[in-house]
Amino acid sequence: MDFDFTDEQVQLRDAVQRWVDKGYDVERRRAIIAAGGFDEGAWRELVELGLTGLTVPETHGGAGLGAVEAMVVMEALGHGLVLEPLAHSLIASALLQRYADAALQQAWLPRLAGGARVVLAHVERRSRHRLDVCDTTATAVGDGWRVRGRKVVVPAGDRADAWLVPARVEGTLAMLLVEAGAPGISASGYPTQDGGRAADVVFDDAPARLLTRDGDAALAWAVDVGIALVAAQAVGAMDRAFALTRDYLQTRRQFGVPIGNFQALRHRLADMKMALELARGMAYYATLKLDAPEAVRRAALARAKVQLGQSMRFVGQQAVQLHGGIGVTDECLISHCFKTLTQLELTFGDTLHHLGEVAACMTDEAGVAA
């Protein structure tokens, strides 16, 4: 089996990497953080690159590409520590294509390709990574729906054009789309640990459109797509952290020689590389398993998130320690890598949560009671 990227995929990766190198340098990132963690100009540049419509079908104005191309793009953006939440546009594209009716697809997929920000708003205060915990409710009113509830830590939630909201309908979970600007919506934004932006969003009988009544399957699909995208983004951030650490060990001198000459530090750098490559392999595995049956897919994505979480923690901590005291300062880019990796490890379920998922799958397969 050939695991090499195609020429088109390599060209796509290189194009995004060139934009990152030239258009999203450290100083611009710091300015975006100081301005609140989201930059409209950077978002428009992503739109002009065609990335918001990457997986939108050509019939709706997109590029019509697939999960592997999305992975390639997210890895390049992760390498640049890009703050803007492109992953959620890709999640919205996947969710709309799989679950929305033709009218809703026609209404929103072209807007997604054109740069509309549609973000998944599924986290609640007491959910703690569990997808079945949802206190938000939805009620049918005439030909439409009304949503009541509160979602927290919604990426760029106060800058969104619409939210994809799971809600309870007569005891079962449904997925709805709520458009910004409608009455009954309030969003309060705040900075996140990595310098980005999130918001708590309150829906008070806000008008909505029903995406699907099969909300459990839709939410599981959206989160699994998100895990695959986060995995690729994390690989890019770890690759950046490894490169920065390697370069630092080659330039920082002690006792008249680069500290990279010291065997103990070289071994730690080698361990970082091993953790990075383990994560890279599992990120590829996660993407390739998105088309598997749901039970197989969910188990595969949980396994991937466990390895990614372990690698992110190890690479981030080693990078900071090998930089010494400056590794935790804002002036040192490695601290930004560490913050990004720490937040990604918690996104769509932390390592401990997914370790429990993996354990549950193993006991089910073995027929052993927990």
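Condition check ((1) more than 24 Å from Arg13 (Cα to Cα); (2) out of contact with any Pro (no Cβ under 8 Å at 6 or more places or on another chain); (3) hydroxyl-bearing (Ser, Thr, Tyr)) across all residues:
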| position | (1), (2), (3) |
| --- | --- |
| Arg252 | yes, no, no |
| Pro258 | yes, yes, no |
| Glu277 | no, yes, no |
| Met282 | no, yes, no |
| Val296 | yes, yes, no |
| Ser311 | no, yes, yes |
| His323 | yes, yes, no |
For segment 176-197, which residues satisfy the criterion of being free of Cβ contacts under 8 Å to residues at least 60 places away in the same chain and of a type in the set (A, V, I, L, M)?
-> Leu176, Val178, Ala180, Ala182, Ile185, Ala187
State all residues of segment 295-317 that are among the aliphatic types (A, V, I, L, M) and buried (at least 19 other Cβ atoms within 10 Å of the Cβ); if no residue qualifies, say none.
-> Ala299, Ala300, Leu301, Ala302, Ala304, Val306, Leu308, Met312, Val315
Pairs, please: C-beta under 6 Å, at least 6 apart or cross-chain, first residue under 16 Å from His129 (Cα atoms) and in segment 349-370, second at pLDDT below 95?
-> Gly349/His129; His353/His129
Test Glu27 against the criterion of being touching a residue at least 24 places away in the same chain (Cβ under 8 Å), closer than 30 Å to Asp158 by Cβ and among the charged types (D, E, K, R), and give yes or no.
-> no
Kindly check whether there is at least one residue in segment 229-236 that is open to solvent by 20 Å² or more (accessible area, probe 1.4 Å) and either closer than 26 Å to Gly78 by Cβ or touching a residue at least 24 places away in the same chain (Cβ under 8 Å) (or both).
-> yes
List the strands (runs of 3 or more DSSP E) that sit entirely inside segment 101-172 and contain at least 1 residues that are open to solvent by 40 Å² or more (accessible area, probe 1.4 Å) and touching a residue at least 12 places away in the same chain (Cβ under 8 Å).
-> 137-141, 144-155, 162-169
Say we look at segment 237-261 and pick out the residues that are in contact with a strand residue (DSSP E or B) (Cβ under 9 Å, 6 or more places away or on another chain) and open to solvent by less than 70 Å² (accessible area, probe 1.4 Å); which of these is farthest from Val320 (Cα to Cα)?
-> Ile259
Kindly indicate whether Ala228 is out of contact with any Lys or Arg (no Cβ under 6 Å at 6 or more places or on another chain), on the phi < 0 side of the Ramachandran plot and in a helix (DSSP H, G or I).
-> yes
Is it true that some residue in segment 292-310 is more than 17 Å from Val230 (Cα to Cα) and not in a helix (DSSP H, G or I)?
-> yes
Which residue out of Asp200, Asp204 is open to solvent by 50 Å² or more (accessible area, probe 1.4 Å), closer than 22 Å to Val118 by Cβ and in a strand (DSSP E or B)?
-> Asp204
Find the helices (runs of 4 or more DSSP H) located wholly in segment 1-84 whose residues include 2 or more that are within 24 Å of Leu96 (Cβ to Cβ), open to solvent by 30 Å² or more (accessible area, probe 1.4 Å) and at pLDDT 95 or above, and list them.
-> 40-48, 67-79
In segment 246-281, anything under 17 Å from Phe338 (Cα atoms), out of contact with any Ser or Thr (no Cβ under 6 Å at 6 or more places or on another chain) and among the aliphatic types (A, V, I, L, M) is listed as Leu269, Met272, Leu276
Across segment 331-348, which residue is surrounded by the fewest Cβ atoms within 10 Å (Cβ to Cβ) among those that are within 19 Å of Arg30 (Cβ to Cβ) and without any contact (Cβ under 8 Å) to a residue 24 or more places away in the chain?
-> Glu331
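The values are calculated or read from the model by the stated rules, or taken from the named source; none is laboratory data. Since the structure is predicted, the reported quantities are computational estimates derived from the model, not experimental observations. With ideal geometry, Cβ positions are generated from the backbone for all residues, glycine too; neighbour counts draw on all protein chains shown. The accessibility values were calculated without ligands, DNA or RNA, using every heavy atom of the protein model including side chains. Shrake-Rupley method; radii C 1.70, N 1.55, O 1.52, S 1.80 Å.
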